[in-house]
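S.K.: Have a look at the structure that comes next, please.
The values are calculated or read from the model by the stated rules, or taken from the named source; none is laboratory data. What you see is a predicted model; the values in this text were computed from it and never measured. Please note: Cβ atoms are built from the backbone with ideal geometry, for glycine as well, and neighbour counts cover all protein chains shown. The protein model used for the area step is the full one, side chains on, heavy atoms only, and it has no ligands, DNA or RNA in it. Shrake-Rupley method; radii C 1.70, N 1.55, O 1.52, S 1.80 Å.
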Amino acid sequence: MSDLEAPLRPKRKKVWVDYFVQFRWILVIFVVLPISFTIYFLTYLGDVRSEWKSYKTRQKEHDENVKKVIKRLKQRNPSKDGLVCTARKPWIAVGMRNVDYKRARHFEVDLSAFRNVLEIDKERMIARVEPLVNMGQISRVTVPMNLALAVVAELDDLTVGGLINGYGIEGSSHKYGLFADTVVAYEIILADGTLVRATKDNEYTDLYYAIPWSQGTLGLLVAAEIKLIPVKEYMKLAYKPVVGTLQDLAQAYCDSFAPRDGDQDNEEKVPDFVEGMIYTPTEGVMMTGRYASKEEAKKKGNKINSVGWWFKPWFYQHAQTALKKGEFVEYIPTREYYHRHTRCLYWEGKLILPFADQFWFRYLFGWLMPPKVSLLKATQGDAIRNYYHEMHVIQDMLVPLYKVGEALEWVHREMEVYPIWLCPHKLFKLPVKTMIYPEPGFELHRRQGDTQTAQMYTDVGVYYAPGPVFRGEVFDGAEAVRKMENWLIENHGFQPQYAVSELSEKNFWRMFDAGLYEHTRRKYGAVGTFMSVYYKSKKGRKTEKEVQEAEQAHLETAYAEADQPVD
């Protein structure tokens, strides 16, 4: 049997949840979509109102809100109150975890007012923003200025705070790294109510490097200064179809942005944006983009495609047409390109509303898309939620670039999920060892995509129902995720914690490094105030007793790395 041949599985007997999920589109159309559109519209009006305010007014409101948070933190009685959590409802988060830790007793701090763009500093090329500012909001402010964040995550609803404390990537990450790598400074309220500004070269440098991936367990983020770059009005996007084995597709993907001569920092050889989509085990489309001026885009013979219109074909389906018509180039307005996957939620929209990609639906109701992920989560009970955990995969595998082919073969063999999203990112060699870090000695191997300062990684995005589920066969989603996590640990890969995780605490700290994280938790008083990152990410409900016992264990014992000097 071929390594890529799907294993034979027994048929699965349908239960009532299968039929509920099959016809869930009725609830989505008549309830979720109208409410989502209303929320989007009201949010937009609030953002516009905020933009009309002067810098001084926004800064004054920010300072007042910071004082309220500090006052609230100081009201907490550690011996009586639970651990500190934000007041945001458990279902509002965009990630697939349902924030189970909030089911235990906790001390709420309201951060809902922190959703303003505080300043766009064109001289320093810095955007100073609050943590609930989302990608759609900030691109609406910056792109008309021919500026943008160096890394703009694709989905409109993703917030600055979530992308910093968790995980954020975009097609420009092969140049700038992950979202958190573009942050110049963090403004953090520590457990004792102290407001600090952490940068890579001040007295809080350890905190600066520890914040990414910490899931808000070191302090409360109230503002961030993020790198801006100059951009042009259009993205010149080239679509290149590839046919072959999964290893062939992986190599074509590498070649699309990583020069084989190792000249990875050469602007002439490396595109501004990179993205790959694998549609079947033998077919994929690689896309590379470069910023282009309005004058260039409108030259005779050039095709402009405004993909942001509600009636346009979904982006992943549009890209797939390259498999039939061959390689082609078009110009997409820059902001519309940034958010190209928002309307269809990559390809998840096809499962939520099976007919929403049809031309009649797009023309008549496409303006209502997408449904808010938070509302989708709010309208599902435990039975539906558990069904999706077992019958659905939403995971990202961060793997070294040279292992992408192996990762694709593994996904096909164990999950059989298509399409697959590919997006590269630099993993920098830093002065300290953070939770995620390159392979030791990577710079000595001179592999494709690597430089002396960063190892090239790739996000292998696995989002959809597995093939066995479509065929009505038995599929154990939890076991598949456990196998994926073990594969990542063995191959120096990482799993973003927005997704449902099956990791034990031991394996969590085999995947991630605990040293700097535990050092800063103790140094800045987070232990006993904020839940540990593992326990916050752990799957399942947490009782009050479990939460207190877990935190007490952190107070009494340390990881061995935490007592060692930080490199």
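S.K.: Go through segment 119-142 and report how many residues are assigned to a loop (DSSP other than H, G, I, E, B) and surrounded by fewer than 23 Cβ atoms within 10 Å (Cβ to Cβ). Write out each step before concluding.
M.R.: First, the residues of segment 119-142 that are assigned to a loop (DSSP other than H, G, I, E, B): 122-125, 130-133.
From the residues that got through so far, the ones that are surrounded by fewer than 23 Cβ atoms within 10 Å (Cβ to Cβ) too are 122-125, 132.
Residues that pass the stated criteria total 5.
S.K.: Sticking with this structure for a sec: Taking only pairs six or more apart or across chains, which ones have beta-carbon atoms under 6 Å, a first residue in segment 408-431 that is on the phi > 0 side of the Ramachandran plot, and a second residue that is in a loop (DSSP other than H, G, I, E, B) and open to solvent by 10 Å² or more (accessible area, probe 1.4 Å)?
M.R.: Sorted first by the residue in segment 408-431, then by its partner, the pairs are E416/A6.
S.K.: Also, I was wondering about something else. Taking segment 371-396, which residues are under 30 Å from Y253 (Cβ atoms) and in contact with a helix residue (DSSP H, G or I) (Cβ under 6 Å, 6 or more places away or on another chain)?
M.R.: Selection gives H389, M391.
S.K.: I'm told P354 meets every condition in (1) out of contact with any helix residue (DSSP H, G or I) (no Cβ under 9 Å at 6 or more places or on another chain); (2) closer than 23 Å to Y40 by Cβ; (3) modelled with pLDDT under 95 except one. Can you identify the failing condition by its number?
M.R.: With respect to (1) out of contact with any helix residue (DSSP H, G or I) (no Cβ under 9 Å at 6 or more places or on another chain); (2) closer than 23 Å to Y40 by Cβ; (3) modelled with pLDDT under 95, P354 is out only on (1).
Yes/no per residue for (1) open to solvent by 30 Å² or more (accessible area, probe 1.4 Å); (2) in contact with a Phe, Trp or Tyr (Cβ under 7 Å, 6 or more places away or on another chain); (3) β-branched (V, I, T):
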| residue | (1), (2), (3) |
| --- | --- |
| E203 | yes, no, no |
| S214 | no, yes, no |
| E225 | no, no, no |
| L249 | no, no, no |
| Y253 | no, no, no |
| D261 | yes, no, no |
| G276 | no, yes, no |
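S.K.: Which of the residues belonging to segment 159-181 are crowded, with 24+ Cβ neighbours inside 10 Å and hydroxyl-bearing (S, T, Y)?
M.R.: Hits for segment 159-181 are T159, Y167, S172, S173.
S.K.: Report whether or not E443 is touching a Ser or Thr at 6+ places or on another chain (Cβ under 8 Å) and either open to solvent by less than 10 Å² (accessible area, probe 1.4 Å) or at pLDDT below 95 (or both).
M.R.: On the way: touching a Ser or Thr at 6+ places or on another chain (Cβ under 8 Å): yes; either open to solvent by less than 10 Å² (accessible area, probe 1.4 Å) or at pLDDT below 95 (or both): yes.
Considered against the rule, which asks whether it is touching a Ser or Thr at 6+ places or on another chain (Cβ under 8 Å) and either open to solvent by less than 10 Å² (accessible area, probe 1.4 Å) or at pLDDT below 95 (or both), E443 comes out as yes.
S.K.: Let me ask something else about it. State yes or no: is A356 among the small types (G, A, S) and closer than 18 Å to G276 by Cα?
M.R.: Values: among the small types (G, A, S): yes; closer than 18 Å to G276 by Cα: no.
The answer is no for A356.
S.K.: Here is a further query. Testing F361 on (1) touching a residue at least 24 places away in the same chain (Cβ under 8 Å); (2) over 26 Å from Y239 (Cα atoms), one condition comes back false. Which one is that?
M.R.: (1)
S.K.: On the given criteria, is L488 modelled with pLDDT of 90 or more and of a type in the set (A, V, I, L, M)?
M.R.: Yes; evaluated as a whole, the condition is true for this residue.
S.K.: For segment 15-46, what are the residues that are open to solvent by 80 Å² or more (accessible area, probe 1.4 Å) and either assigned by the TED database to the domain that holds V474 or within 20 Å of H392 (Cα to Cα) (or both)?
M.R.: Those that are open to solvent by 80 Å² or more (accessible area, probe 1.4 Å) and either assigned by the TED database to the domain that holds V474 or within 20 Å of H392 (Cα to Cα) (or both): W16, Y19, F20, Q22, F23.
S.K.: Then there is this: Can you name every residue in segment 263-274 that is surrounded by 12 or more Cβ atoms within 10 Å (Cβ to Cβ) and among the charged types (D, E, K, R)? Break it down stepwise before answering.
M.R.: Filtering segment 263-274 down to residues surrounded by 12 or more Cβ atoms within 10 Å (Cβ to Cβ) leaves 263-265, 269-274.
Scanning segment 263-274 gives D263, D265, K269, D272.
S.K.: Suppose we keep only residues that are of a type outside the set (V, I, T) and surrounded by 19 or more Cβ atoms within 10 Å (Cβ to Cβ) within segment 282-297. Which one would you say is farthest from the chain's Cα centre (by Cα)? Before the answer, list the steps.
M.R.: Of segment 282-297, the ones of a type outside the set (V, I, T) are 283-284, 286-287, 289-297.
With the extra rule that they be surrounded by 19 or more Cβ atoms within 10 Å (Cβ to Cβ), the set shrinks to 284, 286-287, 289, 291-292, 297.
Working: G284: 22, M286: 21, M287: 20, G289: 21, Y291: 23, A292: 27, A297: 30 Å.
This residue is A297.
S.K.: What residue, among those in segment 309-366 that are open to solvent by less than 50 Å² (accessible area, probe 1.4 Å) and either assigned to a strand (DSSP E or B) or among the β-branched types (V, I, T) (or both), is farthest from R290 (Cα to Cα)?
M.R.: Ranking the candidates gives I352 first.
S.K.: If you go through segment 227-247 one residue at a time, how many are aromatic (F, W, Y) and either outside any strand (DSSP E or B) or open to solvent by less than 10 Å² (accessible area, probe 1.4 Å) (or both)?
M.R.: So the count comes out to 1.
S.K.: Being within 12 Å of K236 (Cα to Cα) and in a strand (DSSP E or B) is the filter here, so list the residues in segment 284-308 that pass it.
M.R.: Residues satisfying the conditions are M287, T288, G289, R290, Y291, A292, I304.
S.K.: Ok, one more. Scan segment 505-540 for residues that are of a type in the set (G, A, S) and either within 26 Å of K426 (Cβ to Cβ) or modelled with pLDDT of 90 or more (or both) and jot them down.
M.R.: Hits for segment 505-540 are A514, G515, G525, A526, S537.
S.K.: Only one of (1) under 25 Å from the mean Cα position of the chain (by Cα); (2) exposed (fewer than 15 other Cβ atoms within 10 Å of the Cβ); (3) more than 30 Å from H445 (Cβ to Cβ) is not met by T194, so which one is it?
M.R.: T194 satisfies all of (1) under 25 Å from the mean Cα position of the chain (by Cα); (2) exposed (fewer than 15 other Cβ atoms within 10 Å of the Cβ); (3) more than 30 Å from H445 (Cβ to Cβ) except (1).
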